[in-house]
Amino acid sequence: MHALGPIRALRPRLQRLTASLVKRRTPIAAEPRDPPRDIALRPSHVFLSRQIPIAVARSRPRAHLVAMAVPPSPKRVNGNKSPKAAKAKAKAPARSPTEDIEDLIGKHPSLASIRDDAPRLRDELLAWYDKSHRILPWRRNFHSHHAPPPPGPQGGDGCEPKEYWAGCDETGAPTNVPRDQYAYGVWVSEIMSQQTQIERVAQYWLRWTERWPDVSSLASATREEVNELWAGLGYYRRAGFLLDGARHVVDNCDTIFPNDAKGLANVPGVGPYTAAAIASIAFDEPVAAVDGNVIRVCTRLAAVTGGGDAAKPSSDAAKAVRLCADWLIDDSTRPGDFNQAMMELGATVCTPKAPACGQCPLRVGCAGAALESAGSSGFKVTDLPEKEKKPEKREERVAVRVVERKGGRRDGVPGPADSSFLLVRRPEGGLLGGLWEFPSANVPDNLEPGDPDFYASCADVVHSCGSSGKFSKSRVGLGEVTHTFSHVRHTYVAQHEVWETSADDDGDEAPPTRGDTAGGREWRWVTATELQTLGLSSGVRKIYELLTKREQAKKAPRESAIGKLFAKKAKRGE
Ligand code: SF4
């Protein structure tokens, strides 16, 4: 189901618009376009589809790229079709890549003007990027801006390592950092930037690369260490991807980072987009990196309507976007900067809800903006990219026990002020795998928090962690908080349990601080300070905030009463 089905009615108008755009830029006495000298498959086309490889007519032969192309897999061509259908398909005459391109242009006519105008659009985009891109610590080539001269040895604005000002080679890579290490930094920045604001990423990137400056140092880190440094950045699976990726490079690639998109795609956690981004930025490979920003820019630039959800690689819209991005980057001498410029444009100018077309370097030549200006059927560029309606997220209720132990000994030091919280580690592999959380369990819809069984399902974990000591226990409800994941929405219903040790327990042996539950899950007691530095999911942080807000609310009336008393005394001159 497409949210914008009626937009297909715009097609005749688009065809006229494309004709006028092409006419405007084609010299009157122009010769017909030269037939392509060769048809070369680029590595990026492998990601597009193994069944229908799209080829690009290039002006110069690139035999090594042709050799890298993967032929269509016979298994995939037939897929799960019946023998009859497979036979019919086998008899169908093979389509040439050029025919596939013409098909796409037939469906999305403004693609033709992008192809013809690609060199100018690319130059405009790069000129804009050189002038106005954001300063980021991993952008370190001679086109990159940097912060004002440093006041001290580390200097800058806190976002710039001092090596930033060092020289670059002819491809733009920094000369003071080995190429392999440069690629490592780009890889870390790309993984960190997924679904996260770039400004937040910069600080984390600096801390990460300072602690693990290269792939071999990262490979020897523990999962707990990477989760701790990642704390607060969200989507912890990405920290695991970096660790697994580093171990893969060390174990399978002689600790040398793969230097092309094909090799990079074998690194765990590196998909087609990330592989293309690293290959182009660090190794100068002219392969388009297509992320959500680039999809938005290309669908608007080429007015890609009615081709399905461009985020789904098999859709016509996705193929049109791929073609548009490939034409734009083709033959670029600065493929890394070009890819970053497209992403930057999508993030800062061609934004989802409020594109600033008036300040866009691609405004002349943008079919979507032209269509909007023409007032066609109420079309707006914000209608693109078209998206399929997502299925409703699953709803789950989770009972959470925030167990706090007060008094007694901890680490051999007695003291009633000691306070620690019980955490258990989630199983590896699943949602939030390997992260620490308060004991929790899903509860069926028919149970309410007042029901004695509501918190019973996480009792096995709690019983394994020293609950058999001499404690007086009190419980109070903390309320609810929700957290949404990509496919499920959790409503956490939390309860605060306080276990207080009686005074005569002070001489007893200190209770254990960590161990395993009967079900094999790791548990540990941590102080409130340790809680802040551990790798905790956003959901767990929200639950902890419920507790801290409640504690503050409890203190507030007392503090205001004391304040009033002092105010009265001050008034009386006491
Ligand atoms: S002109 Fe507008 S719609 Fe077109 S690419 Fe630029 S910002 Fe996006």
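The values are calculated or read from the model by the stated rules, or taken from the named source; none is laboratory data. No experiment lies behind these values; they were computed from the predicted model shown. With ideal geometry, Cβ positions are generated from the backbone for all residues, glycine too; neighbour counts draw on all protein chains shown. All accessible areas refer to the heavy atoms of the entire protein, side chains included, with ligands and DNA or RNA removed. Shrake-Rupley method; radii C 1.70, N 1.55, O 1.52, S 1.80 Å.
Accessible surface of region 290-392, 1.4 Å probe: 53 percent of it comes from carbon and sulfur atoms. Per residue, the average separation of C-alpha pairs within less than 8 Å and at least 6 apart gives region 266-345 a relative contact order of 36 percent.
The modelled label-to-label distance for the pair ASN252/GLN195, using points 7 Å beyond Cα in the direction of Cβ, is 2.4 nm.
Of the trypsin sites (Lys or Arg not before Pro) found in region 268-371, the ones in coil according to DSSP and having at most 10 other Cβ atoms within 10 Å of their Cβ are LYS353. For the listed peptides 279-289, 333-343, 473-483, 260-270, a ranking on the average number of other beta carbons within 10 Å per residue, highest first, reads 279-289, 333-343, 260-270, 473-483. The relative contact order of region 217-280 comes to 27 percent, based on Cα pairs under 8 Å that sit 6 or more residues apart.
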